[in-house]
Amino acid sequence: YPSEFLMQKITEDNQIPVHLHVSVSLQYVAALKGNALAEFFHGNIAEVENEELRHLMWSSVLFYKTPNVEVMACVLLSTKAIYFLLDDSFIHADEHQSDFWNKENSDCENSSFHLSCCFVLKLNDLQSVNVGLFDQYFRITGHSADHIVTCLTRDSYNTHTFMQQLMAVLSLLARTPSPEPVDKDFYSEFGSKNTGKMENYELIHSSRVKFIYPNEEEIGDLAFLVAEKMDGLTNLQSLNILLYVLAFQVNHVEGSAQNTSSLQPKTLILTSSDLFLFDEDYISYPLPEFAKEPPKRDKYQLADGRRIRDLDRVLMGYQTYPQALTFVFDDVHNQDLMQNLTLDHFGE
């Protein structure tokens, strides 16, 4: 260890997405190659001497305790734990959560020493993994609110690769076998179904970690919600969700030193007649078992919605992935203006 092939693969994955800015400390990590990366892991991150680094991924992450702060992280998967190497700006982003992060190293701020926080989730504490719609993100759940993290990969390939690696690593864990299932009688079997909870596809791994995948009902619920936002103009049967993708809305900040652009995370949903942008809660749903009350906001909140027939043109940037798209809509305030004119002019 480590094998040449593994080190080559991890080196290839060690690239910060070009559209996201990170601190100097994480830029240092992204510049490491090959064995230097393995040495860095064992010298600075690994908690046990004999653990192996198996996978590396750059992703935006959300914590259950700070649901409004999306932060860039280098996610390292070893045979013992999942490590989230965080941008140090995150510690200052949400001051009222100071109890969540230990700030005893704040005296390093003014020196040339760059500090990163590392959040550790031991594989033995892992209870379930919820995969989001179309593999755009996944949520890792441990035994308490401090141990719930969502990785917003915005990429089905990265999600799929991480799931494969995580399952392989979990197979190495020696856990006590589950107790024998108790035979249920007829009444309890059917009585327990009326919990009102939607049953998702569950895969229980040999390590007893649950992998939960969304089922068709989630798309049905989303279609119903979208139809509701369209004021019932569309027949629900004919409403098809053609595309669901986690994206960023670009807001240009003018007046700054150079015209910078801030990226607002949004869920883009395309139907056969409309284009929607939603603010989605990626971390609170489905509710963890220990949650005492429902989250403060709905899972989907409509941010913007336009009809496809009002779309004038689509401008495409020529840079490499991620692609920038600009949708230009006709600025008609009264959407049914044309229809009303014809009725007034030609009607009785």
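The values are calculated or read from the model by the stated rules, or taken from the named source; none is laboratory data. No experiment lies behind these values; they were computed from the predicted model shown. What goes into the accessible areas is simple: the full protein's heavy atoms, side chains included, and nothing from ligands, DNA or RNA. Shrake-Rupley method; radii C 1.70, N 1.55, O 1.52, S 1.80 Å.
Collect residues whose amide H, placed 1.01 Å from N in the peptide plane, falls under 5 Å from the amide H of His55; neighbours closer than 5 in sequence don't count. Here the answer is Leu77, since their amide H atoms fall under 5 Å of that of His55. Summarising the amide proton neighbourhood of Phe138: residues at separation of 5 or more, or on other chains, whose placed amide H is nearer than 5 Å comprise Gly132, Cys151, Thr153. Computed from backbone phi, the HN-Hα couplings of the range 63-74 come to 9, 4, 6, 10, x, 9, 10, 8, 10, 6, 9, 9 Hz, rounded to whole numbers (Karplus: 6.51 cos²θ - 1.76 cosθ + 1.60, θ = phi - 60°; Gly and Pro given as x). Computed from phi, the 3J(HN,Hα) profile of the range 146-156 under the Karplus parametrisation 6.51, -1.76, 1.60 (θ = phi - 60°) reads 6, 10, 10, 9, 10, 9, 8, 6, 6, 7, 5 Hz, with x in place of Gly and Pro.
Could you put Arg208, Arg154, Arg139 in order of accessible surface area, largest first, with the 1.4 Å probe and the full protein assembly present?
My answer, sorted largest first, is Arg208, Arg154, Arg139.
Under 5 Å from the amide H of Ser261 lie the amide H atoms of Val253, each residue being 5 or more positions distant or on a separate chain, with H modelled from the backbone and absent for Pro and chain starts.
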